[in-house]
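Asker: There's a structure below that I have some questions on.
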Amino acid sequence: IIGGVTREQVLAAKKLKWVQVNSAGVENYVSIPELLDRPITLTNMKIVQGIEIADHAFALLLGLTRNIDVAVANRATKTWPTLAKYGRPLELHGKTAVVIGVGGIGTQIAIRAKAFGMTVIGVDPKDLPYAPYLDRTVWPDRLDSVLPEADVVFVSAPYTPATHQMIGAAQFARMKRGVLFIAVSRGKIYDNLELVAALKSGRVAGAGLDVTDPEPLPEDHPLWTTGRVIITPHIAGRSDGEGARYHELYVDNLIRFGNGEPLRHTVDKNAGY
C-alpha cells in the first residue's frame with residue numbers, strides 16, 4: 001500500500017507486507033496494533049521531505065531575524081519606518097543553533113545553519129557519525145544542558161511518546177533571554193501554552209511555527225496574538241520539487257520490493273521513526 005493505511009485496511013489485507021507512508025511522521029500508523037504485531041515493513045519520507053522542510057524552517061527564522069514580519073505589517077499601512085521603529089535585524093553568523101532531532105529534516109537544517117556561519121549542536125538519540133555541519137551532538141537526556149547556549153532552537157524531531165511535550169516550562173526557563181524558537185515537525189513536541197508564557201516574559205523573542213497542537217490552531221488561541229510569532233498552516237513539507245523525489249522513492253522501493261531487496265527509509269516501528 002502506498003500513501004498510508006487505516007486499521008481497517010490492515011485487518012482486511014491478510015497478506016499485507018509493506019506500507020509506504022507519504023509523510024515523514026508515522027505516529028498515526030505505529031499506533032495501529034495490527035501493523036506493529038505483524039511482519040509488515042513500514043517506510044516513510046523521513047529523508048525525502050528534509051529539503052523543503054529545512055528551507056521552510058529558515059524562511060521562518062529569517063522572517064524573524066530580518067524583521068520581515070514587521071515589513072509585511074508596514075506594507076498594509078504604507079509605512080516606511082526609521083530603523084529605530086523597524087528594529088535592528090540580527091545576524092545568524094556567530095550564533096548558536098540547537099537542532100532537536102538530527103534525522104532527515106534536522107540534518108538539512110544543520111547543513112543550512114552551518115552555511116550561515118552558526119555553531120550547530122545536535123540533539124539525537126542515535127550515535128551520529130562525524131559530520132562537518134555539526135559541532136557536537138548530545139543525547140536527549142542532555143538537552144537541558146545545551147539549551148542555555150542556544151540563540152535558535154529548532155524542533156525537527158519525530159513525535160513519539162518519548163518526545164511528547166519534551167519542550168515545556170523547564171526547558172523554556174533554561175533558554176537564554178531573546179532566544180528564537182522554530183518548530184517544523186510536530187506541534188505536540190512542545191507545550192504551546194508554556195511557549196506563550198515564555199513569549200510574554202521575553203524569554204523567547206520570537207517563534208516560527210509550522211506545527212501546533214491542535215491543528216488548525218483555534219481562532220482564540222493566544223499564540224495568534226502573543227509576541228512575535230509567524231504561523232504557517234503545516235505546509236513545510238510541500239514544494240515544487242517534492243513530487244519528483246516522492247516518485248523516485250516510490251518507483252525505487254517498488255523495484256526493490258519486487259526483487260526482495262531491502263527497502264529505503266524503513267521505519268523502526270517500535271521506536272516510532
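Asker: Quick check: the angle from helix 192-201's long axis to the longest principal axis of the chain, C-alpha only, nearest 10 degrees?
Answerer: For helix 192-201, the angle is close to 20 degrees.
Asker: May I ask you to derive the FRET efficiency for L128 and R66 from their Cβ-Cβ distance with R0 = 25 Å, giving the value to the nearest 0.05?
Answerer: Values: r = 31 Å, r/R0 = 1.23.
Efficiency, from the Cβ-Cβ distance: 0.25.
Asker: Taking 30 Å as the cut-off for C-alpha to C-alpha distance, list the pairs among K46/K95; K78/K176; K17/K126 that go past it. All intermediate terms of the calculation are to be shown ahead of the outcome.
Answerer: Values: K46/K95 27 Å; K78/K176 35 Å; K17/K126 27 Å.
From the list (K46/K95; K78/K176; K17/K126), the Cα-Cα distance tops 30 Å for K78/K176.
Asker: Tilt of helix 50-65 relative to the longest C-alpha principal axis of the chain, in degrees (0 to 90, nearest 10)?
Answerer: So the helix axis and the longest Cα principal axis differ by about 10 degrees.
Asker: Then there is this: Mind putting together the pair-distance distribution for region 1-111? All Cα pairs, 10 Å bins, whole percent per bin, short to long.
Answerer: Bin by bin from 0 Å, the calculated values are 12, 28, 20, 18, 13, 8, 1.
Asker: Collect residues whose amide H, placed 1.01 Å from N in the peptide plane, falls under 5 Å from the amide H of I230; neighbours closer than 5 in sequence don't count.
Answerer: The list, which skips near neighbours in sequence, is A207, G208, L209.
Asker: For the chain, find the longest principal axis of its Cα atoms and tell me its angle to the long axis of helix 104-115, 0 to 90°, nearest 10.
Answerer: The angle comes out at about 40 degrees.
Asker: Normalising by the residue count of the chain, find the relative contact order in percent from Cα pairs under 8 Å and 6+ residues apart. Don't jump to the answer; show the numbers that get you there.
Answerer: Working: 483 pairs, mean separation 52.9, N = 273.
Reported as a whole number, the value is 19 percent.
Asker: Also, I was wondering about something else. Starting from the Kirkwood Rh over alpha-carbon pairs, what translational D in µm² s⁻¹ does region 126-273 have by Stokes-Einstein at 4 °C and 1.567 mPa s?
Answerer: Working: Rh = 17.5 Å.
Diffusion coefficient, whole number: 74 µm²/s.
Asker: Here is a further query. With runs of 4+ DSSP H residues as the only contributors, calculate the mean residue ellipticity of the chain at 222 nm using -39,500 (n - 2.57) per run, divided by the residue total and rounded to the nearest 500. Numbers along the way, then the final one.
Answerer: Numbers: 11 runs with 95 residues, N = 273.
For the chain, the value works out to -9500 deg cm²/dmol.
Asker: Could you give the length gained on full extension between S145 and A170, defined as 0.36 nm per residue of separation minus the Cα-Cα distance, in nm?
Answerer: 7.8 nm
Asker: Using modelled amide H (1.01 Å from N, peptide plane; none on Pro or chain starts), what sits under 5 Å from the amide H of I2, excluding residues fewer than 5 places away?
Answerer: Result for I2 returns Q20.
Asker: Let me ask something else. On full extension of the chain, what length is gained from T225 through A115, given 0.36 nm per residue of separation minus the C-alpha to C-alpha distance?
Answerer: 36.3 nm
Asker: Using the alpha carbons of region 78-193, what is the convex hull volume per residue in cubic angstrom, as a whole number?
Answerer: Details: hull volume 15.7 nm³, N = 116.
Roughly 135 Å³ of hull volume per residue.
Asker: Using 0.36 nm times the number of residues separating K14 and D252, minus their current alpha carbon distance, what extension gain do you get?
Answerer: Details: separation 238, 0.36 × 238 = 85.68 nm, distance 2.45 nm.
Length gained, K14 through D252: 83.2 nm.
Asker: Using a 10 Å Cβ count of at most 15 others and DSSP loop calls, identify the longest part of the chain lacking such GluC sites (Glu not before Pro).
Answerer: The segment 92-218 is the longest one with no such site.
Asker: Hey, another quick one. Pop out the ³J(HN,Hα) list for region 182-187 in order, Karplus 6.51 cos²θ - 1.76 cosθ + 1.60 with θ = phi - 60°, rounded to Hz; leave Gly and Pro as x.
Answerer: Whole-Hz 3J(HN,Hα) from phi for region 182-187: 10, 10, 9, 9, 9, x.
Asker: Got the relative contact order for region 125-212 handy, in percent, Cα pairs under 8 Å and 6 or more residues apart? Spell out each step's value before the answer.
Answerer: Details: 130 pairs, mean separation 25.0, N = 88.
Relative contact order comes out at 28 percent.
Asker: Which one is right for this structure if volume of the Cα convex hull per residue in Å³ is calculated from it: (1) 145; (2) 300; (3) 130?
Answerer: So the structure-derived entry is (1).
Asker: In whole Hz, with x marking every Gly and Pro, tabulate ³J(HN,Hα) for region 231-244 from phi via Karplus 6.51 cos²θ - 1.76 cosθ + 1.60, θ = phi - 60°.
Answerer: Computed from phi, the couplings for region 231-244 are 10, 10, x, 6, 10, 4, x, 10, 6, 6, x, 5, x, 5 Hz.
Asker: Right, here's the next one. Roll a 1.4 angstrom probe over the protein heavy atoms and tell me the percent of accessible area of region 141-180 that is carbon or sulfur. Before the final figure, lay out the partial values.
Answerer: Numbers: 890 of 1700 Å².
Whole-percent figure for carbon plus sulfur exposure: 52.
Asker: Turning to a different aspect of this structure: Search the structure for amide H atoms under 5 Å from the amide H of M118, placed 1.01 Å from N in the peptide plane, and list their residues when 5 or more places away or on another chain.
Answerer: G94
Asker: Okay, next question. Return, for the Cα atoms of region 166-206, the radius of gyration and Dmax in Å, separated by a comma.
Answerer: 9.3, 25
Asker: Further question: How much area per residue is accessible in region 146-251 when the probe is 1.4 Å and only protein heavy atoms are counted (Å²)? Could you put the intermediate results ahead of the total?
Answerer: Working: 4660 Å² over 106 residues.
With the other protein chains kept in place, region 146-251 gives 44 Å² per residue.
Asker: Right, another one. Applying 1/(1 + (r/R0)^6) with R0 = 41 Å to the Cβ-Cβ distance of E215 and N259, what FRET efficiency is obtained, to the nearest 0.05? Write out the running numbers ahead of the final one.
Answerer: Working: r = 39 Å, r/R0 = 0.95.
Efficiency, rounded to the nearest 0.05: 0.60.
Asker: In addition: So, with a 1.4 angstrom probe, what is the percent of accessible area on region 17-57 that is carbon and sulfur?
Answerer: Working: 790 of 1480 Å².
Roughly 54 percent of what the probe reaches on region 17-57 is carbon or sulfur.
The values are calculated or read from the model by the stated rules, or taken from the named source; none is laboratory data. Everything numeric here is computed off the predicted structure, so don't read it as measured data. Positions of Cβ are generated from backbone atoms using ideal geometry, with glycine treated the same way; all protein chains shown enter the neighbour counts. When the accessible area is computed, the model is the full protein with side chains, heavy atoms only, and any ligands, DNA or RNA have been set aside. Shrake-Rupley method; radii C 1.70, N 1.55, O 1.52, S 1.80 Å.
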